[in-house]
Amino acid sequence: MKRYNTRTCLITTTVLILAASSAFALEPPTAEQLERYTLDGSLAERAQAARAYGNHRMSPQLAARFGPTATTKALPDEPKVLPADGSPNVLTLLIAFADMPGYTDSAVVNDRIFGDGEPTAFPLESLASFYSRASYGQLEIAGTVLGWYTTAYPREDVEESYIGRQALIKEVMTHYDTEGHDFSQYDNDGDGTIDYLAIIWTGAHGEWAEFWWGYQTRFWNDPFTVDGVQIGTYSWQWENYTWPGEFSPDVLIHETGHALGLPDYYDYDNAIGPRGGVGGMDQMDGNWGDHNAFSKWVLGWLEPRIFNQDLHDVVLSPTDEVPDAAVFMHGDPITDPYAEYYMVQVRRQAGNDVGLPNQGLLIWHIDARTDGSGNFLYDNSYTEHKLIRLMEADGLEEIEQGGRADAGDFYSVGDVFDTHSFPSSLRYDGVPTNLAISNISLSGPADDMLVTADLGSGCALWCDASVSPNAWPGLPVTFNGSLDTANCDGTPSYGWVFGDGGSSGDTSATHAYVSTGIYDWNVTAAVEDATCAHQGSVVVCTDFPCWQWAPTESMAAPRSQHAAVELEDGRILVVGGTTETPELFDLQTATWSQAAATNSSYSSAEAVRLGDGRVLVVGSNVGQDFDSEIYDPATDSWAVTGQLNHDRFSHSAITLADGRVLVAGGVWGEYPQLEAVETVEVFDPASESWTVIDTLDGMRIQPGLANLLDGTTVIVGARSVTRFDPISDVLQRAASLAAEWQQPLTVTLDDGRVLMAGIANGPMTLLWNPTDGRWKIADNALAIRSDWTATKLANGLVLVAGGYGGGDSALRTTEFFDPEDYSWRAGSALVHGRMSHTATLLEDGRLLMIGGRNNEDGPYFVSTETVESLTRPTSPPRNIGGRITP
């Protein structure tokens, strides 16, 4: 089997790395760093790099198992979390380097993690003590410290990648294994995996979200085993932030919160979603104080009292000592903790909260609703509102302006929280909750507090609305609505207003707009003392964003990760997708027919049309002999041609300006043992042979390829933009990227700039000018996608369609990038959600979406045979004044 410049890496197939579950966690940046990153313009890109760790989201396991309905939710296998009760055994490795020895005696480190620690550092005197108090004695962390282990080489020799990190860890563990240390003792549940491993290293820290920073991750794609156990989750942190200096457990305490499954509560990127959150006043934000009441509920350390109607006097004890809190919300949070509600607790300057700026009542706005996979819909960084938000009693909204929590955020005697206060007890959708918290007073000598909570009737009304953002004149628009109630009597009213004088009292309705324009619609519902309303707008137009998707004839066989190429006679050849039988689509008859069979199947196919009209397909399959062959449309036949110098799949291919074909990126092997393919190869149709041009360091999954106006080609992936000159056959690094890019959208615009999107599985959009090397950050895309398609249309707009957004289904949404104002706007929705599909632009302007994967017919993603096209609709005739008018 061919091999050439490979590197072991994580990947499954195509883009599964981009859809991986949250398995990381990250130490927050300092205020000084945030200011510096803002001034130097790097904050947005660093935030996207941080987002790639996934540490802003609650562990799926934790999200699935709290509250009385826990047994009804599926418990994911990954990522594994540290048990939140009992006495789990945790391993800590101390790693020093030849040029950076350990500063703190290992016995002192052990005492500050598992012992009594340094009393003057209270409440961060030791990891074990902090979590014993936080859990009310339910979690007593024990463990072992090994080290210092000192490498024979300087720290700069460590490869700054997960591969280098894991190689170092294996070196250290192998050393102690030969000395007879038993690592099986750290597998607390006997599943063959070490539950939690802490790595403490010497030397100066790097920058936020970079290699030498504090974060939690997991051991990727490596079967390394000692004493019958593998490595699972581990944290990676400095000995001291201002090294050299004494070890402090503060960072490890934060990272252990992640090991338990908690997310970061600080806002990674103020440009996405609303600002704010908890203002640093939480162990998972600014390492300030204890874990909040919601976190403790999720971890099982406290069980709040829940009230959903009527009037109640509630006495609450401080949570530094007593596992006490209350949940207030109309509806039915009593049986469904995966809901929106307000959670109230008393905090005082004692225990883990000794450093807080005040004491009193804290009110948290929680939205713990989940998606179809059991993950929380919301987080504190990238969603339309927060998972958890601190209500500021002083009404200054300083946290929402990027500030920190302060003494004024505690509710005290005489304060009121209700529908008319600021902040108010409204739901996130603006619906009144009828919740009023008043008569706040001290109750007894132990800092207990009494509150009166009035929830009125407890009637909860939820309404929702889904309307296409685009429409064609004269064609009906569907207005989909929904209506649910809890604890309500009576029948709700419901009504649509379409914005052009039309209306409907049905939950769902259809309506056709006659003229172009922007129409504002609204829908309202009411029952008892509960109301609900939504509003939006429909753009009615006759250009590309308002073209409509329509189904066309399906293929004979389902396929995904295939290739589609338009032949010179206008037919579309579809090849690959694990089947050896290509198909041909005839645009004139809109029918499919079978083409000659390929000599090999292509589970991850790339295909390009050559200058003479033939088609080259390239892509390797494990256990098959051929990875390149050519289709001749004139004879409907395939012929094996020259073979790649290295097998690869999840690669990219493009026809160069001189007619040759360039292939770059990809991986090779069998999951989970896969290798990054670093070679760049060029195919010459004249000699039908492949030549290795050069290598690119690092993993590139389906790198972005684009031909520039000057005849050169760019390769976008990993952390660089590389330029290939087909005249000199030279690869040259053209620009650096601040974060890891995999499977990026890469399109050359009409003015020569290159559009790049998809950084770190985020919505960031960059424009690169190859003439002067300048960057511009454009508006964020409307949705996070991976495994999508991007097509530049005749008018210069770029259409992005489908993909995977991290939820429980493939996306149906589309959006257009306008290079004139660097903005994105929504397009019409696909007929079918799809990912791993192809998009083929036809000469008449239509866009053909072929195949892909979705789960519309069941719980699992499977390949589909469906095909649809973006087509300019024909408006139906309208009856005006008794005459039929087109």
Give me the residue from the stretch 571-582 that is under 18 Å from residue 619 (Cα atoms) and in a strand (DSSP E or B) and, out of that set, modelled with the lowest pLDDT. 576
Residue pairs qualifying under the 9 Å Cβ cut-off, at least six apart or on distinct chains, with the first in the stretch 768-784 being in a strand (DSSP E or B) and the second being surrounded by fewer than 19 Cβ atoms within 10 Å (Cβ to Cβ) and among the basic types (Lys, Arg), are 768/774; 768/776
Scan the stretch 485-502 and give yes if some residue there is surrounded by fewer than 18 Cβ atoms within 10 Å (Cβ to Cβ), without any contact (Cβ under 8 Å) to a residue 24 or more places away in the chain, on the phi > 0 side of the Ramachandran plot and assigned to a loop (DSSP other than H, G, I, E, B), otherwise no. yes
Inside the stretch 469-525, can you point out the residues that are among the aliphatic types (A, V, I, L, M) and farther than 25 Å from residue 831 by Cα? 486, 497, 525
Answer from 524, 510 - the residue that is in a strand (DSSP E or B) and under 24 Å from residue 419 (Cβ atoms): 524
Working carefully through the options 274, 337, find the one that is in a loop (DSSP other than H, G, I, E, B) and either assigned by TED's automatic domain parsing to the domain that holds residue 419 or on the phi > 0 side of the Ramachandran plot (or both). 337
Does any residue of the stretch 463-477 turn out to be on the phi < 0 side of the Ramachandran plot, aromatic (Phe, Trp, Tyr) and not in a strand (DSSP E or B)? yes
How many residues, within the stretch 631-653, are buried (at least 21 other Cβ atoms within 10 Å of the Cβ) and of a type outside the set (D, E, K, R)? 9
Filter the stretch 215-231 down to residues that are assigned to a strand (DSSP E or B), at pLDDT 85 or above and either in contact with a Ser or Thr (Cβ under 7 Å, 6 or more places away or on another chain) or acidic (Asp, Glu) (or both), then give me how many there are. 2
Looking at the stretch 376-429, which of the residues that are surrounded by 22 or more Cβ atoms within 10 Å (Cβ to Cβ) and of a type in the set (S, T, N, Q) is farthest from residue 345 (Cα to Cα)? 381
Number of positions in the stretch 705-762 that are among the acidic types (Asp, Glu), more than 20 Å from residue 790 (Cβ to Cβ) and not in a strand (DSSP E or B): 2
Which of the numbered conditions does residue 599 fail, given that it passes all the others? Conditions: (1) in contact with a Pro (Cβ under 9 Å, 6 or more places away or on another chain); (2) part of a loop (DSSP other than H, G, I, E, B); (3) surrounded by fewer than 16 Cβ atoms within 10 Å (Cβ to Cβ). (1)
From the list 869, 828, which residue is over 23 Å from the mean Cα position of the chain (by Cα), part of a loop (DSSP other than H, G, I, E, B), crowded, with 16+ Cβ neighbours inside 10 Å and of a type outside the set (Val, Ile, Thr)? 828
Taking into account only those residues within the stretch 555-570 that are in a loop (DSSP other than H, G, I, E, B) and of a type in the set (D, E, K, R), which is farthest from residue 666 (Cα to Cα)? 569
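Looking at the stretch 602-609, is at least one residue among the polar types (S, T, N, Q), touching a Ser or Thr at 6+ places or on another chain (Cβ under 8 Å) and farther than 28 Å from residue 843 by Cα? Reasoning before the result, please.
Step one: list which residues in the stretch 602-609 are among the polar types (S, T, N, Q), which gives 603-604.
Next, from what is left, pick out any that are touching a Ser or Thr at 6+ places or on another chain (Cβ under 8 Å): 603-604.
If we keep only those that are farther than 28 Å from residue 843 by Cα as well, we get 603.
Yes, because at least one residue in the stretch 602-609 is among the polar types (S, T, N, Q), touching a Ser or Thr at 6+ places or on another chain (Cβ under 8 Å) and farther than 28 Å from residue 843 by Cα.
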Tally the residues that are free of Cβ contacts under 8 Å to residues at least 60 places away in the same chain and either of a type in the set (Gly, Ala, Ser) or part of a loop (DSSP other than H, G, I, E, B) (or both), restricting the search to the stretch 410-443. 16
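The values are calculated or read from the model by the stated rules, or taken from the named source; none is laboratory data. Computed from a prediction, not measured in an experiment: that's the story for all the values here. Positions of Cβ are backbone-derived with ideal geometry, glycine not excepted, and every protein chain shown enters the neighbour counts.
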